[in-house]
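Just so it is clear, none of the values below were taken in a lab; they were calculated from the coordinates. Since the structure is predicted, the reported quantities are computational estimates derived from the model, not experimental observations. Cβ: placed from backbone, ideal geometry, glycine included. Neighbour counts: every protein chain shown.
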Amino acid sequence: MQYEVVLPAAGSGKRMGAGQNKLFLKLLEKPILIHTLEVFEQDEQCTGIWLAVKPEERAIIQELLVTFGISKVKGLPDGGAERQHSVHSCMKEMEQVDIVLVHDAARPFISHDIIANLVQSAHDFGAAIAGVRAKDTMKKVRNGVIEETVDRESLWMIQTPQAFQFDLIVEAEDVAEKIGFLGTDEAMLVERLGHAVHIVESSYENVKMTTKEDLVFGEAILRKRAL
Ligand code: CTP
Ligand code: MG
């Protein structure tokens, strides 16, 4: 089953504190952005990549695509002030496809198996997102004091990719734009429509490169995979 992927890459990487877009930082000599792009370049079901970029970074990214032989990119529209806007600017340029995946450019370790499970689940149910079970004891805290210990069984930590049938994500984004709703992920926009969103069990390796420590985890994952 074929899909196209939207990769928002127009962030600032403030929490990484590198003074530049964190996607240009290297993990074992290769930029994070390229590690992520290579997954989709090599994924047989992927027929197109849409990359939301900052206008001032477009030229350098285009150069990287050539250097690393990334050929599936169909467009690099301007990103927006929020991640959701960046995703939307890609969606606006896309033509009808069966399935759309939205994936953080900052998550380079997503596997082909998990992608395939998400695509299948989105095909069957309309919407499916990657997540892992919460590992730690979870408590709700208010003003520094425990309010409640939450039942961990029902708690999942949500990642990307998030996969959708094309018409569903288009409708969800249109409604969100009309009413000015800002979600923390695309699934929230679909949830707002009252549509069920299924979860696909993912991997703890699918970490987002967010703070400095994540780079250490990231390089460790790459070294383990190279063994
Ligand atoms: N992103 C984007 N447009 C934005 C904000 C984020 O395309 N306006 C992208 C980032 O480039 C990243 C993904 O969305 O690939 C996930 O966002 P996050 O991890 O929060 O990255 P940043 O926003 O860059 O980091 P920070 O929040 O620490 O500034
Ligand atoms: Mg951010």
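Going by Cα centres, segment 107-167 and segment 49-74 are how many Å apart? Answer, in whole Å: 29. Please say if segment 102-198 is rounded, prolate or oblate, where rounded means a/c under 1.5 for a ≥ b ≥ c the square roots of the C-alpha gyration tensor eigenvalues, and otherwise the choice is prolate for a/b larger than b/c and oblate otherwise? Verdict is oblate for segment 102-198. Computed on segment 3-226, with alpha-carbon pairs under 8 angstrom and 6+ residues apart, the relative contact order is 23 percent.
Exposure proxy ranking for ARG192, ARG225, based on other Cβ atoms within 10 angstrom of each Cβ and starting from the fewest, stands as ARG225, ARG192. By the helix-only formula, in which each DSSP H run with n ≥ 4 contributes -39500 (n - 2.57) and the sum is divided by residues, the chain has a 222 nm mean residue ellipticity of -11000 deg cm²/dmol. Working ranking of peptides 46-59, 100-113 by packing, defined as the average number of other Cβ atoms within 10 Å per residue, highest first, is 100-113, 46-59. For segment 1-94, what class follows from the C-alpha gyration tensor (a ≥ b ≥ c being the square roots of its eigenvalues): rounded when a/c is under 1.5, otherwise prolate if a/b is larger than b/c, else oblate? Here segment 1-94 falls in the oblate category.
Exposure proxy shown here: for LEU227, LEU193, the number of other Cβ atoms within 10 Å sets the order, fewest to most, as LEU227, LEU193. Listed by Cβ neighbour count within 10 Å, with the fewest neighbours leading, TYR204, TYR3 appear as TYR204, TYR3. In plain terms, the chain from ALA220 to GLU63 could stretch by 53.8 nm, reckoned as 0.36 nm per residue minus the Cα-Cα distance. For the peptides 206-218, 121-133, the ranking by mean Cβ contacts within 10 Å, running from highest to lowest, is 121-133, 206-218. Take every DSSP beta bridge whose two residues both sit in the chain; close to 50 percent of them are antiparallel.
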